[in-house]
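Colleague: Here it is, the structure in full.
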Amino acid sequence: LLDTKSKICYDYTGIIGISGRRKGCVYFTSPSIMLTHLLISMGEPDITDENYCDIVGEVANTISGNARQSFGKEFMISVPIVIGGEPDQIKLPKDILFFVIPINWRQNDAALVISLE
């Protein structure tokens, strides 16, 4: 658990806004090296900034879509916003702790961050 003053982010971040009965956001953030491994594992030979953005957005969208299936139609999700670098655009609900789920794959760290009211 972290407070909203502490943001966790790596090279690329896919952000999904949440509305409905719950409000907030879910975001997936990853270093480019992990995204490179993921793209290669999927058979994608074109390792570009555009593909990094596509894959990080797809991961965020898949995770949020699965949550929506579990929580029902009242759990509304936005299309992913994908950014590179230090994300000033991440606006977390104020005065709410958020969950950070660390991810380690092929000796690289990433994170799934969940912040809901």
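The values are calculated or read from the model by the stated rules, or taken from the named source; none is laboratory data. None of these values were measured; they are calculated from a predicted model. Using ideal geometry, Cβ is built from the backbone for each residue, glycine included, and neighbour counts are taken over all protein chains shown. The accessibility values were calculated without ligands, DNA or RNA, using every heavy atom of the protein model including side chains. Shrake-Rupley method; radii C 1.70, N 1.55, O 1.52, S 1.80 Å.
Colleague: Output yes when any residue across region 66-79 is within 20 Å of Leu97 (Cα to Cα), buried (at least 16 other Cβ atoms within 10 Å of the Cβ), touching a strand residue (DSSP E or B) at 6+ places or on another chain (Cβ under 8 Å) and of a type in the set (Phe, Trp, Tyr), and no when none is.
Modeller: Yes, region 66-79 contains at least one residue that is within 20 Å of Leu97 (Cα to Cα), buried (at least 16 other Cβ atoms within 10 Å of the Cβ), touching a strand residue (DSSP E or B) at 6+ places or on another chain (Cβ under 8 Å) and of a type in the set (Phe, Trp, Tyr).
Colleague: Working only within region 39-65, note down all residues that are open to solvent by 40 Å² or more (accessible area, probe 1.4 Å), in contact (Cβ under 8 Å) with a residue 24 or more places away in the chain and among the aliphatic types (A, V, I, L, M).
Modeller: Ile63
Colleague: Looking only at residues that are part of a loop (DSSP other than H, G, I, E, B) and under 15 Å from the mean Cα position of the chain (by Cα) in region 33-88, which one is modelled with the lowest pLDDT?
Modeller: First, the residues of region 33-88 that are part of a loop (DSSP other than H, G, I, E, B): 42-48, 72-74, 78-80, 85-88.
This time we only want the ones that are under 15 Å from the mean Cα position of the chain (by Cα), so: 78-80, 85-88.
On the way: Ser78: 85, Val79: 86, Pro80: 87, Gly85: 75, Glu86: 67, Pro87: 60, Asp88: 63.
Looking at the filtered set, the residue picked out is Pro87.
Colleague: Return yes or no: is Tyr27 in contact (Cβ under 8 Å) with a residue 60 or more places away in the chain, buried (at least 17 other Cβ atoms within 10 Å of the Cβ) and touching a Leu at 6+ places or on another chain (Cβ under 9 Å)?
Modeller: yes
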